[in-house]
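Any read-out appearing in this document is the output of simple, stated calculations on the displayed coordinates, not a laboratory observation. These numbers were taken from a predicted model, which means no experiment stands behind them. Methodologically, a virtual Cβ is constructed for each residue, glycine included, from the backbone with ideal geometry; neighbour enumeration extends over all protein chains shown.
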Number of protein chains: 2
Amino acid sequence: LTQGDQFGRLRVVLVRSRNPLNIGAAARAMSNFGFSCLRVVKPYEAGFREARSAVGASETLIRAEQYESVAEAVADCSLVVGTTSVGRRELQQPVERLDAGAALIREQLALGRVALLFGSEKIGLRNEDLSHCHWLMRIPTREAHRSMNLGQAVAVCLYELARGGSVAIGAGKPPVQKRRAPSRDIERLTMLLVDALQASGYLDARSAASDQKVRRLVRRLNLDAGDAEVLLGMVRQMLWKLEPRNSRA
Amino acid sequence: LTQGDQFGRLRVVLVRSRNPLNIGAAARAMSNFGFSCLRVVKPYEAGFREARSAVGASETLIRAEQYESVAEAVADCSLVVGTTSVGRRELQQPVERLDAGAALIREQLALGRVALLFGSEKIGLRNEDLSHCHWLMRIPTREAHRSMNLGQAVAVCLYELARGGSVAIGAGKPPVQKRRAPSRDIERLTMLLVDALQASGYLDARSAASDQKVRRLVRRLNLDAGDAEVLLGMVRQMLWKLEPRNSRA
């Protein structure tokens, strides 16, 4: 199975969402991270119709499947996970932190369909909804402000799922190693800079100590070949202009 | 420093955001993940006022600081990171994937203030904005649908920052790192260098493009506070000498 096939096995299930903007935001995050199957349970009808028929509604949203109960919406899934902002104490089911939970979901996606449930903006998932879940997952937010916006919660969960999923998403090209400037150029730059500092009066007289100070400074810049060349050109021009015979040009 | 103190050093900077809902969503995600300092640059005024005065507006939003330019908004930060949905190919600065970038930001938060920039909903950060950044960070979204909703992008970035937070910070790297120069000094150096390049004839005329080129070059030098000060002194003296009235001294 490719990663795309596996991601296609995830059902994002929004239960009793009221705000069409949040449903749209959930659909957008799904598309961003490569998930396509959106299910809604008892949405606020008018809002859902509106979100769906809006100009620019995403494919994911247009093809969303509507259900009358959580039971029906998760019927074809072999793992059902509910999201919650509530701490472990108050719950009757095991709670996994998002990073650990996402790893378990990824394992399961290699084998079959998984439903990930999100509750309504106001009250989240009810006990009845939670009872359909094998376990619960919590995004690690601050104790003092646990409850997240629905669209943001969906985005964060799907990011975490896709992040560890494989190297396919976003891995792309290896980091560009910069080609470091040869010492020859670095030393030429150093000497030109010393000359310019002297011509400008920054250095009174030349000394081994001041040369070394500038040399160490230039090395700390860690220049790549291109930048070294540009800086050489800049300092050369300034030095030329600093020479008395050219200063009136 | 506690983790809370370190998170307090992050400035989330929203540049030219138009939608008050997105500004509110960004503030909410900050509160969820324990970050408090929100800055807005040239927001759509009516929308920003509306979001701020809404019933239930968060503390974070009410205390948000408003700026007229990116330069001012990042002046006290020693690392400036821009977020982008664009791939590496089209950009002129290094791009880190969110997970790697977040680790670098956490390291820096142990030492000083960091700005994390988010662009407008429509066009993201412009080249002028990006030129103030040391490097860029990309959320690994699908090639076919890269661009995220602003509130969701903020949530995902802050989740990733907070997620590894305690582990990485607890590990306590030895403080061999250099104290980076604040952006205020880096920008002053940039402007002095541009003036000196113009006075020397290296630049014919001043333009936004040439300003940005020099700005990016200076950021690539990754200066620490001491070296920035030394270079400021050097360029200032050269500029003084390059001015015609001082050239005969």
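Quick look at the values:
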{"read-out": "Cα gyration tensor category, rounded, prolate or oblate, for region B:66-169 with a/c compared to 1.5", "value": "oblate"}
{"read-out": "Inter-copy spacing of A:Ala144 label points, which lie 7 Å from Cα along Cα→Cβ, given in nm from shortest upward", "value": "4.4"}
{"read-out": "Charge dipole magnitude, Cβ of K and R +1, D and E -1 - the protein assembly as shown, Cα centre, debye nearest 20", "value": "1040 debye"}
{"read-out": "FRET efficiency, B:Ser210 to B:Asp5 (Cβ-Cβ, R0 45 Å, nearest 0.05)", "value": "0.65"}
{"read-out": "Between 0 and 90°, nearest 10: helix B:20-33 axis offset from chain B longest Cα axis", "value": "80 degrees"}
{"read-out": "For region A:53-67 and region B:39-90, distance of Cα centres in Å", "value": "31 Å"}
{"read-out": "Per-selection metrics, chain A (Cα): Rg and Dmax in Å", "value": "29.9, 89"}
{"read-out": "Label spacing, shortest first and in nm, from B:Asn246 to its equivalents in the remaining copies (7 angstrom along Cα→Cβ)", "value": "1.9"}
{"read-out": "Options B:Val40, B:Ile105, B:Ala73, ranked by Cα towards positive dipole end of region B:1-110, top entry (Cβ charges)", "value": "B:Val40"}
{"read-out": "Counting DSSP beta bridges with both ends in chain A, the antiparallel % (nearest 5)", "value": "10 percent"}
{"read-out": "Net charge dipole size for chain B [Lys, Arg +1 and Asp, Glu -1 on Cβ; Debye, nearest 20]", "value": "280 debye"}
{"read-out": "Shortest-first distances to equivalent copies, position A:Leu111, nm, label 7 Å out along Cβ", "value": "4.7"}
{"read-out": "Stretchable slack from B:Met191 to B:Arg63, in nm (0.36 nm times residue separation minus alpha-carbon distance)", "value": "43.0 nm"}
